[in-house]
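> Below is a structure I'd like to ask you about.
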Amino acid sequence: MKTYTIIGGVNGVGKSSLTGVLRSELTDLGSVIDVDKLTASLGGDKLAGGKAAIRKIESCLEKGVCFTQETTLSGQRTERTIRAAKEAGYQIRLYYVGLDSTQESLARIRNRVAKGGHNIPAEDVLRRFEKRFSDLARILPYCDTAVFYDNNNGFVEVAEYQNGQLLLKGSYRPQWIVDLAGYLEQL
């Protein structure tokens, strides 16, 4: 089965770490497309990294192979990719990672930079954090499956989305998942 897997979340929440975990558990991730890694491989040129990611996605869609994309969901590109994948017969799978605060995301980004990783401007993180629920709500209807993880202290599965409803799992309830559930109920 052709699968388009989306690893989503605001910058600094642990998308790449979750991708590593999922690689050890799943056999159908296919080509993993991470615009930050592509940008780094192209000397830090964000425009070139974005174009390279788009070319890789388009190539996967043309070939009909499984692929995975790490994304903040903040632009329109992911929604366009989802629609194209749906039209091509793909199953759409979302794994979303969340944290309760922008401060935690920013601290993780600072730690990543201190270790030689890439930086994200704080204003970008703040903007994406503020609109994360609306970005999610825009793509959830397209997803065949969606699983939500909190990454406050390791990945803990806290919810899944089925039949248009967010179903909380377990007894651990980080504030962000409670807030997301309330947001989605208001739509």
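Any read-out appearing in this document is the output of simple, stated calculations on the displayed coordinates, not a laboratory observation. Here the structure is a predicted model, which is why all the values come from computation and not from measurement. Here the Cβ positions follow ideal geometry from the backbone for every residue, glycine too, while neighbour counts run over all protein chains shown.
> Under a 10 Å cutoff between Cα atoms, tell me which one of A114, A48, A85 has the largest fluctuation in the Gaussian network model of the chain.
Maximum among the listed residues: A114.
> Also, quick follow-up: If you take every residue apart from T145 with its C-beta less than 10 Å away from the C-beta of T145, what net charge results, scoring Lys and Arg +1 and Asp and Glu -1? Let's see the in-between values first.
Working: positive: R93; negative: D144, E160.
Local net charge: -1.
> Considering only S171, S16, S31, give the residue with the highest GNM mean-square fluctuation for the chain, with springs between Cα atoms whenever their separation is below 10 Å.
S171
> Among the listed pairs K37/K86; K15/K169; K37/K169, which have their C-alpha atoms separated by more than 24 angstrom in this model? Display every interim value, and only then the final one.
Working: K37/K86 26 Å; K15/K169 20 Å; K37/K169 32 Å.
The pairs that break the limit, which is 24 Å between Cα atoms, are K37/K86; K37/K169.
> Neighbouring Cβ atoms within 10 Å as the yardstick, rank Y149, Y4, Y142, Y183 fewest first.
Listing Y149, Y4, Y142, Y183 from fewest to most nearby Cβ atoms yields Y183, Y142, Y149, Y4.
> For segment 3-185, just the Cα atoms, rotate onto the principal axes and tell me the three extents in Å, largest first.
Computed over segment 3-185, the largest-to-smallest principal extents equal 41, 41, 30 Å.
> Check cross-link reach from K46 to the aspartates and glutamates: straight Cα distance under 17 Å, and skip same-chain residues fewer than eight apart.
Output for K46: D34, D36, E70, E123, D124.
> Which whole-number percent gives the relative contact order of segment 1-82, counting Cα pairs below 8 Å spaced six or more residues apart?
Working: 99 pairs, mean separation 36.6, N = 82.
Here the relative contact order equals 45 percent.
> Further, regarding this structure: Take K131, K115 and order them by how many other Cβ atoms sit within 10 Å, fewest up front.
Arranged by neighbour count, lowest to highest, K131, K115 become K115, K131.
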